[in-house]
Amino acid sequence: MKAIIMAGGEGSRLRPLTCNRPKPMVPVMNRPMMAYIVELLKKHGITDIGVTLQYMPESIRDYFGNGSEFGVNMRYYVEETPLGTAGSVKNAATFLDDTFIVISGDALTDFDLSRATQFHGEKGSVATLVLTRVDTPLEYGVVITDRKGAITQFLEKPSWGEVFSDTVNTGIYVLEPQVLDYIEEGQIFDFSKDLFPLLLKEGKSINGVVLEGYWCDIGNLQQYLQAHLDTLSEKVKINIPALWKEGVYTSPGVEIDDSAIIKGPAFIGENCKIGAEARIDSFTVLGSNSIVGERATIKRSIAWSGAYIGSGAALRGAIMGSRVQVQNGSGIYEGAVIGSDTVIKENCIIKPDVKVWPHKVIEAGTTVQSSIVWGTRYPKKIFGLDGITGLANIETTPEFAARIAASFATVQGRGGRLAAGSDSYPASQMIKRAVISGMQSVGAVVADLGDGITPMHRFAVKSLELDGGVHVKVCPRRTDLVTMVFINKSGGNISRGVERKVENIMFREDFKRAASDRVMPLENVRGTAAQYVSSLLMAVKGPDKALEGIKIITAYDRKNLDRFIGPALDSAGIAHENIDFDFKGRARSWQAYREMLPQLAEAVVQGGADGGAVLDHNGDSLILLDERGRVISDDMLTALSALIVFKTKGGPVVVPVTAPDTIEKMAQIYGGKVIRTKTGVQDFIERVISLEGSVEGEGSYSQFMLHFDALGSLLSILAFTRSRGIGLGDLVDEIPAFYMNKKVVPVPWETKGTVIRKLIEEPEREMELLDGVKVFHKDGWALVLPDPEEPVCRIFSEGATMEIAESLADFYVDKISNMMN
């Protein structure tokens, strides 16, 4: 016996799940639902199978092939235009030369098909319909048979007033080839509406057999969810290729943290990773290669393969397509359906029954209350405060990195010479290799700087006279993020104008692809780390061992920084001891470094050191401790750097708009000038570089080094204290006291503009609009700064006392909250 699987369904009622795949390829328990139909046919000895296709036919062909991997023989019959259920089978008439069975590829069943074929043979009819009994027959074709099984009446999808039976047509038929003679070729013809009424009218014998077992016509989203609940409840007998233990199906390669809680029945697909303290409750299905972050909770939800559920995220009765990202703190609630390749950023709420079509981006902090159909995968702005930052291998993938690098190289022009480098962590190196490929693909000459740190990369671009470069690093804020820093030929960050050009080329895919003979070989640059360290030592203008006798205690990640810090301090004659925290070869966040400060302060004081230093793993950020163990970071470090510049050359000094007013007080003392700039890295660096070009004279200290090179800043500050014969603590004591406070207030993206407008409209207040809104008060000031990457406003304040600084910050938190209300 042969079989026909009808697999041409578009599945419009399953959208957005079927926007990019045919209905039979929608997964049930991590496998296409049609795979269970193929297995059912094989189980009953039916191995010659024809498949009728219409919507996205290649998707099914590519998955099943000729059927050999499933132990069957499969061939395909494609409808150029929809022909109806019977018309599609007529399209395969040359294949059907004997009794055959017709079955839908988008249902889930364990019926005894052998019983149906046996019944058909016993009755000798031209058509046998497989029937079942259901509680609510409104969505199905209702059928009445006599005591012998002969069909006497049926009606498609009746109203309650027309319901005359609970026995319905399952869409499974055993047919004789002669019924195809009643179907006109190339015409729309349906089994229930056209063929079977015609056969009854012609007096042909049509029978129905009621089979016991499970059957679910997966016609809508509720039925799709129900099919999973029934499968996990063992109501249907299908083959699930996974290990069953204590109510949970687990597939090969699964990693589950010891502190995670999983309550069955549940299914976890191949190579899934479940994080610490995550909770997966009953009736949850996770597709292959999915990641569940720490403290995430999932209840009664279905996630297809490649899902990312971030830390603290929550799924409640939701369905998600392939490769959906639900980032930290976001929640998706009952009945919501998220299409494939959608990104839901941090702290979003997707309300019940909302449907989000594929390839959408829901910006951080958004509450979605109605369905989203239109839109694109990428936000209008990709660049953030310091290049491009995204979840490693989830948002920032090798594919994305290659495309954005090709866009950057296209902006530089054909034949441009560009650098590529990264820190020593595997995720960064992976992205760097993709960056190199992207640059080469448009004809750029690429210099591979190998492993290094951001300041080394800036140095190399300038010293090698390159047109720019991309440095890839693990983000200091969160180590599951990677940042791509785009550097211009001066060693600074590219401007916003260049960022927009890169984004536009990326969106248009307007890459200038190079012919194969124009792809340039990769240049591997060696010795950059040593040259960079030498340049630092020359910059502080000291002979070998010039700083001999200074002793410091350090805390840094040896994996990425040992090649720089050790040689630099040794060459300068600085005695140093590193506190070896257990990094286990992994990067640590800047917050984790801050948590080391008490231990480091104790080591400095007890060891009689001249100070301490914490450097982040990419050499961008620095925290100092003086000989008394006092912490010098953030605003105090900015003030200290300004003081050194004032003392050595009188200024001008460049500082961000958030810096304390005490810097102006020092400028008055030393007859200097203060230039304030926006807080963005590219604005700050650009202003410093434009100024440094005019700086001359012995004893000058580079503001570029002081602000953007942690190791260079450390050497410069120690060299200054040695040249003046004073301790670090004494230098800090020269800075006039100041009091600052910082707050964060949540502000939805759509409200930020309103908040800023209303602040500007405040009467009788002196304001500065360099970056955000800076409002001056009698005893201080407050700056309200919309964050470009998160749905928040950041509030900076300075007051004559700490109490005033705190009250100013609180005042604007309350004011902004009231504005939103």
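The values are calculated or read from the model by the stated rules, or taken from the named source; none is laboratory data. Computed from a predicted model, the values in this text were never measured in an experiment. We place every Cβ from the backbone using ideal geometry, glycine too, and count neighbours over all the protein chains shown. Protein only, heavy atoms only, side chains kept; ligands, DNA and RNA dropped before computing areas. Shrake-Rupley method; radii C 1.70, N 1.55, O 1.52, S 1.80 Å.
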Requested in this report: Go through (1) touching a Phe, Trp or Tyr at 6+ places or on another chain (Cβ under 7 Å); (2) surrounded by fewer than 17 Cβ atoms within 10 Å (Cβ to Cβ); (3) farther than 19 Å from Asp190 by Cα and name the single condition Asn73 misses.
Outcome: (1)
Requested in this report: Looking only at region 742-762, count how many residues are within 30 Å of Cys348 (Cα to Cα), open to solvent by 30 Å² or more (accessible area, probe 1.4 Å) and not β-branched (Val, Ile, Thr).
Outcome: 9
Query raised in the report: Looking at (1) over 36 Å from the mean Cα position of the chain (by Cα); (2) surrounded by fewer than 19 Cβ atoms within 10 Å (Cβ to Cβ), which is the only condition Asp771 fails?
Result: (1)
Requested in this report: Go through region 759-773 and give me each residue that's assigned to a loop (DSSP other than H, G, I, E, B) and either without any contact (Cβ under 8 Å) to a residue 60 or more places away in the chain or more than 20 Å from Lys742 (Cβ to Cβ) (or both).
Outcome: Glu761, Glu762, Pro763, Glu764, Arg765, Leu769
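Listed here are the residues, each with its yes/no results for (1) farther than 30 Å from Ala546 by Cβ; (2) polar (S, T, N, Q); (3) modelled with pLDDT of 90 or more.
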| position | (1), (2), (3) |
| --- | --- |
| Ile717 | no, no, yes |
| Ser723 | no, yes, no |
| Ile726 | no, no, yes |
| Lys742 | yes, no, yes |
| Val747 | yes, no, no |
| Leu770 | yes, no, yes |
| Asp779 | yes, no, yes |
| Glu789 | yes, no, no |
Report summary line: Restricted to region 777-788 and to residues being open to solvent by 20 Å² or more (accessible area, probe 1.4 Å) and without any contact (Cβ under 8 Å) to a residue 40 or more places away in the chain, the residue nearest to Met636 (Cα to Cα) is Asp779
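Okay, residues lined up against (1) open to solvent by 20 Å² or more (accessible area, probe 1.4 Å); (2) in a loop (DSSP other than H, G, I, E, B); (3) among the small types (Gly, Ala, Ser):
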position: Ala737; (1), (2), (3): yes, yes, yes
position: Met740; (1), (2), (3): yes, no, no
position: Val775; (1), (2), (3): no, no, no
position: Glu790; (1), (2), (3): yes, yes, no
position: Cys793; (1), (2), (3): no, no, no
position: Ser797; (1), (2), (3): no, no, yes
position: Ala809; (1), (2), (3): no, no, yes
**Report entry** Residues located in region 332-366, provided they are hydroxyl-bearing (Ser, Thr, Tyr) and without any contact (Cβ under 8 Å) to a residue 60 or more places away in the chain
**Finding:** Tyr333, Thr342
Query raised in the report: Which strands (runs of 3 or more DSSP E) does region 275-379 wholly contain that include 1 or more residues that are open to solvent by 60 Å² or more (accessible area, probe 1.4 Å) and of a type in the set (D, E, K, R)?
Result: 297-299, 314-316
**Report entry** The listed residue being over 29 Å from Ala427 (Cα atoms) and crowded, with 22+ Cβ neighbours inside 10 Å, out of Leu637, Leu625, Leu615
**Finding:** Leu625
Query raised in the report: Can we say Met484 is in contact (Cβ under 8 Å) with a residue 12 or more places away in the chain, surrounded by fewer than 24 Cβ atoms within 10 Å (Cβ to Cβ), within 20 Å of the chain's Cα centre (by Cα) and at negative phi?
Result: no
Query raised in the report: How about region 55-103: which of its residues are more than 23 Å from Asp217 (Cα to Cα), in contact (Cβ under 8 Å) with a residue 24 or more places away in the chain and of a type in the set (Gly, Ala, Ser)?
Result: Gly67, Gly71, Ala92, Ala93
Query raised in the report: Do the conditions hold for Gly549, that is, is it part of a loop (DSSP other than H, G, I, E, B), at positive phi and modelled with pLDDT of 90 or more?
Result: no
Query - region 448-473 - residue that is in a strand (DSSP E or B) and at pLDDT below 95 and, of those, most open to solvent (accessible area, probe 1.4 Å) - result: Asp451
Report task. Within region 467-503, work out how many residues are in contact with a His (Cβ under 9 Å, 6 or more places away or on another chain) and under 16 Å from Ser690 (Cα atoms). Result -> 2
Report summary line: Here the residues within region 10-30 that are crowded, with 21+ Cβ neighbours inside 10 Å and among the acidic types (Asp, Glu) are none
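Residue-by-condition table, conditions (1) at pLDDT below 95; (2) aliphatic (A, V, I, L, M); (3) under 24 Å from Ile565 (Cα atoms):
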position	(1), (2), (3)
Arg586	yes, no, yes
Trp590	yes, no, yes
Tyr593	yes, no, yes
Leu597	yes, yes, yes
Leu600	yes, yes, yes
Leu625	no, yes, yes
Gly629	yes, no, yes
Gly651	yes, no, no
Tyr670	yes, no, no
Requested in this report: Could you please find all residues in region 213-249 being open to solvent by 40 Å² or more (accessible area, probe 1.4 Å) and hydroxyl-bearing (Ser, Thr, Tyr)?
Outcome: Ser233
Report task. Test each condition in (1) within 33 Å of the chain's Cα centre (by Cα); (2) open to solvent by 20 Å² or more (accessible area, probe 1.4 Å); (3) of a type in the set (Val, Ile, Thr) for Thr801 and report the one that comes out false. Result -> (1)
Query - Complete set of residues in region 76-114 that are touching a strand residue (DSSP E or B) at 6+ places or on another chain (Cβ under 7 Å) and either open to solvent by 30 Å² or more (accessible area, probe 1.4 Å) or assigned to a helix (DSSP H, G or I) (or both) - result: Tyr76, Tyr77, Val78, Thr85, Ser88, Val89, Asn91, Phe95, Asp98, Leu113
Query raised in the report: Just one of Ile388, Ile404 is of a type in the set (A, V, I, L, M, F, W, C), crowded, with 21+ Cβ neighbours inside 10 Å and not in a strand (DSSP E or B); which is it?
Result: Ile404
